[in-house]
Amino acid sequence: MEAVLDSCVCVWQVCVCVWDVFVCVCQISSCLVELCVCILQLSLLLFHWIPHIGLAVFIWQFTHRKIEFDANHVYDGKPTSTKYLDRSPNVLSCSNTLHNGCHLINMQRSAPVDPTKMGIGKAIAVLTSGGDAQGMNAAVRATVRVGIYTGAKVYFVHEGYQGLVDGGDNIRQATWESVSMMLQLGGTVIGSARCQDFRSKEGRAKAACNLVKLGITNLCVIGGDGSLTGANEFRNEWTEEAKRSSHLNIVGMVGSIDNDFCGTDMTIGTDSALHRIMEVVDAITTTAQSHQRAFILEVMGRHCGYLALVTALSCGADWVFIPEMPPDEGWEDHLCRRLTYQRSIGNRLNVIIVAEGALDRHGKPITCDIIKHLVTKKLGFDTRATILGHVQRGGTPSAFDRILGSRMGVEAVMALLEATPDTPACVVSLSGNMAVRLPLMECVQVTKEVTKAMAEGRFEEAVKLRGKSFENNWNTYKLLAHVTARDVKSNINIAILNVGAPCAGMNAAVRSAVRIGILQGHNMLAVHDGFDGLANGTIEPMTWGCVGGWTGKGGSNLGTKRSLPASMIEEISLNIAKFNIHALVIIGGFEAFVGGLELVTAREKYEELCIPLVVIPATVSNNVPGSDFSIGADTALNTITTRRVFIIETMGGYCGYLATMAGLAAGADAAYIYEDPFGIHDLETNVEHLLEKMKTTVKRGLILRNEKCNANYTTDFLFNLYSEEGKGVFDCRKNVLGHMQQGGTPTPFDRNFGTKMGAKAVLWLTDKLKECYRHGRIFANTPDSACVLGMKKRAMIFQPLSDLKEDTDFEHRIPKTQWWLKLRPILKILAKYKINLDTSETATMEHVIKKRGAV
């Protein structure tokens with residue numbers, strides 16, 4: 001029995017020992033947990049206080065000027081970006097390839113940063129310098145509002161560099177309300193002045209002192225190449241004093257109506273200047289036709305012929321004189337022969353465009369008076385000369401310039417806040433449809449080389465240095481104005497038809513296609529009333545003279561209908577055979593795209609349809625798959641932008657392009673579209689936001705609604721909602737623009753765009769017909785023989801219709817991927833909405849002269 005008890009005691013003692021061990025393990029575990037909690041609390045405490053400590057150290061260092069200021073120190077040197085800009089397009093260029101060989105900036109992933117805190121503790125100054133340009137105010141407005149959105153302080157510098165040197169009240173802090181109502185104003189509200197003081201080192205030292213006093217370390221300069229060169233020199237001198245002061249970041253935006261800065265396809269103000277010029281040309285055309293006169297028009301462009309060249313393309317001028325390409329020897333006789341020929345084929349007027357800096361091969365100026373004397377003396381024509389002068393700088397900015405200025409302003413702020421001490425001064429540029437950053441001084445260097453090439457007589461190189469956009473414009477002009485038709489005919493018949501709703505710019509594309517086709521030796525056929533005309537046989541030949549003056553005419557001279565070909569394929573195939581049609585140019589909207597697909601599908605049954613065809617997008621809705629822009633959309637945008645009512649309904653079907661871009665151009669408070677669904681809570685937020693805005697000094701509101709954005713929230717519903725909720729605070733008006741968006745004369749952009757698209761389409765068809773010629777006949781049944789010609793980002797490209805089917809929402813008649821949707825956050829930021837942005841992509845700067853050998 002005792003043995004059993006002893007055993008029990010032993011077991012009990014073992015159990016006690018095991019329990020003690022278990023208790024010890026638990027206590028150790030508890031201690032470890034408490035230790036982890038302490039570490040976590042300490043981490044949170046440090047995480048909370050480190051930024052404050054860093055800021056205090058930064059302020060002490062800045063005050064005592066002992067280290068160089070790093071603009072991105074708070075973010076560990078990781079630059080942030082604006083993904084929502086898509087690094088892609090305005091509004092807008094017709095360039096086929098990159099400008100001066102410039103490549104798109106590379107995108108890299110990084111940790112996302114809160115964009116509303118990127119600018120905390122930083123200050124940005126914005127100034128305009130040199131000659132004024134329409135759209136500068138849009139850039140200033142965007143810079144101020146996005147800067148404030150990021151948490152930075154933003155300052156106006158009045159009177160350009162002079163205000164920077166004088167300081168005092170010339171440098172004032174900007175507020176959100178201080179840039180209201182300036183979007184639609186021409187010139188520059190904050191003033192611009194030529195400054196001799198800034199040319200001296202002492203003057204620049206004063207400017208630096210004025211910035212340091214206010215803690216400004218980021219400068220945004222809007223001006224021409226002279227203004228931007230001065231900004232870079234200012235930065236270099238600042239850098240020399242880095243040990244005694246902070247670091248200065250500089251970003252430039254090019255504001256110049258001459259479009260004379262290399263590295264960007266379009267400068268702020270150029271499109272508006274073209275609007276002023278074309279208004280005069282259209283007015284002059286009517287009186288010149290009445291009296292059979294020759295008109296000579298001088299436009300600005302002392303060192304750059306861009307305005308003159310695009311004007312000549314947009315109005316179908318008989319001759320253009322530009323500094324980059326002086327006329328050949330004996331140009332006087334050539335000009336007289338051309339004017340005489342134009343009169344002989346029935347033209348009642350002649351138009352000659354002259355850039356103010358035009359020279360002959362010997363460097364002697366070619367002026368309006370010289371040309372007038374020549375034409376009057378040799379031909380006896382009744383001749384008038386008009387010098388436009390500074391009217392080209394005046395007036396309200398176009399929709400293109402408002403959007404361009406706004407996009408450039410947003411990109412400039414982000415570039416400043418992402419910059420490091422090693423980042424060179426950059427310029428925000430437009431390459432095709434892409435917003436890019438380029439080293440400022442490289443662009444200035446290439447710009448100076450253009451002037452040098454012209455001075456040394458290297459004119460072909462000067463044209464190439466201007467960039468692909470300029471070069472393509474020049475080549476298109478030469479084809480249409482200086483090349484004579486071939487004596488040997490090709491026996492090729494190309495038919496042209498318009499499909500869908502009419503739009504401005506259609507006629508420009510038809511004119512260009514007809515004339516380029518004739519120059520290639522083809523027979524050009526007009527198909528009236530779209531696919532109906534092709535089925536009914538309303539087809540007739542077109543001559544060079546029958547499309548004269550079409551460039552500036554709105555609508556569709558050929559006639560257009562929305563009918564699709566599927567129900568009349570047999571009749572169409574019979575008429576294609578009857579009229580011996582070898583290729584089709586289809587100019588129109590979504591119906592043109594669908595109709596082209598139906599013709600391709602019917603090739604399996606009807607051999608007559610095995611011919612090359614090309615679709616040229618032309619619709620105010622801008623909803624054709626395969627192209628970022630459509631002919632006619634720019635004209636519609638300008639029609640909408642000029643409205644001054646409260647609620648506006650825009651066209652576009654289910655595509656919200658017009659509403660969104662018009663919202664950017666007009667400074668809208670909201671733009672309702674189908675692609676960005678909204679509900680009652682969104683409407684409530686919008687109404688409350690507008691009520692708060694109207695209680696400030698800003699007494700203006702604008703609401704845009706796409707016609708098919710929502711079946712229930714109609715324009716009348718929105719009008720009643722805003723009217724009821726705004727009682728006692730604001731009145732409400734509405735305007736349904738309707739078909740007036742499709743009418744009117746085309747803008748310079750649509751004229752130029754249509755002209756180049758028509759020319760490119762026919763040249764492509766000419767090459768494709770050679771490929772498809774087999775056994776004595778044309779046979780095309782491959783996917784790449786039926787294409788959409790579209791502008792994608794920075795290039796005009798041909799894409800097979802069949803390849804675009806996957807990216808098309810046929811039910812709603814829109815592409816599934818639309819670039820402009822990434823611009824909607826800009827619209828909301830500029831309207832003072834607090835939204836979150838994806839800043840996980842960063843950008844690296846490209847070099848504008850990296851492919852100079854190819855130029």
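Observations on the structure shown:
- Rounded to whole numbers, the Karplus 3J(HN,Hα) couplings from phi for the stretch 653-669 are x, 8, 8, x, 4, 4, 5, 5, 5, 5, x, 5, 6, 9, x, 6, 7 Hz, using 6.51 cos²θ - 1.76 cosθ + 1.60 with θ = phi - 60°, and x at Gly and Pro.
- Summarised as an ellipsoid, the stretch 558-601 has semi-axes of 17, 12, 10 Å, derived from the eigenvalues of the Cα gyration tensor scaled by 5 and square-rooted, with the largest first.
- For the stretch 545-695, alpha-carbon Rg and Dmax in angstrom: 20.8, 70
- With N as its number of residues, the stretch 345-413 has a Cα radius of gyration that, divided by 2.2 N^0.38 Å, comes to 1.72.
- Phi angles across the stretch 143-157 convert, under the Karplus curve 6.51 cos²θ - 1.76 cosθ + 1.60 with θ = phi - 60°, into 3J(HN,Hα) values of 4, 5, 6, 6, x, 5, 4, 7, x, 7, 8, 10, 10, 7, 10 Hz, Gly and Pro given as x.
- Packing-based ranking, highest mean first, of 189-195, 614-620 given that Cβ atoms within 10 Å are counted: 614-620, 189-195
- Between amide H atoms placed 1.01 Å from N, distances below 5 Å from H847 occur with H103, all of them 5 or more places distant or on a separate chain.
- For K828, the aspartates and glutamates whose Cα comes closer than 13 Å to its Cα, not counting residues fewer than 8 places off in the same chain, are D669, D676, D682.
- Based on protein heavy atoms only, the stretch 430-566 ends up with 33 Å² per residue of surface accessible to a 1.4 Å probe.
- The residues of the stretch 685-795 expose on average 46 square angstrom of accessible surface per residue, using a 1.4 Å probe on protein heavy atoms.
- Taken over the stretch 725-803, the alpha-carbon convex hull comes to 210 cubic angstrom per residue.
- Three-way shape label, the stretch 308-438, alpha-carbon gyration tensor, a/c 1.5: prolate
- Legend: residues D628, D225, D169, sorted from most to least accessible area (1.4 Å probe; ligands, DNA and RNA excluded), read D169, D225, D628.
- Think of a 1.4 Å ball rolled over the protein heavy atoms: the stretch 341-395 then has 53 Å² of accessible area per residue.
- Listed peptides 677-683, 753-759, 722-728 by packing density, highest first (mean Cβ within 10 Å): 753-759, 722-728, 677-683
- Taking Cβ atoms as reference points and 12 Å as the exclusive limit, the residues near G533 contribute a net charge of -3, counting Lys and Arg as +1 and Asp and Glu as -1.
- Relative protection proxy for 226-233, 297-304, 154-161, from highest mean packing down: 154-161, 297-304, 226-233 (other beta-carbon atoms within 10 angstrom).
- Subset of K578/K760; K122/K201; K372/K760; K468/K578; K734/K832 violating a 31 Å alpha-carbon distance limit: K372/K760; K468/K578
- Ratio Rg/Rh, restricted to the stretch 654-806 and using Cα atoms, in which Rh is the Kirkwood radius: 1.17
- Computed on the Cα atoms alone, the convex hull of the stretch 431-528 gives a volume of 148 cubic angstrom per residue.
- When a 1.4 Å probe is rolled over the protein heavy atoms, the share of accessible surface on the stretch 502-597 that falls to carbon and sulfur comes to 50 percent.
The values are calculated or read from the model by the stated rules, or taken from the named source; none is laboratory data. Given the structure is predicted, the values throughout are model-derived calculations rather than measurements. Virtual Cβ from ideal backbone geometry, glycine too; neighbours counted across all protein chains shown. What goes into the accessible areas is simple: the full protein's heavy atoms, side chains included, and nothing from ligands, DNA or RNA. Shrake-Rupley method; radii C 1.70, N 1.55, O 1.52, S 1.80 Å.
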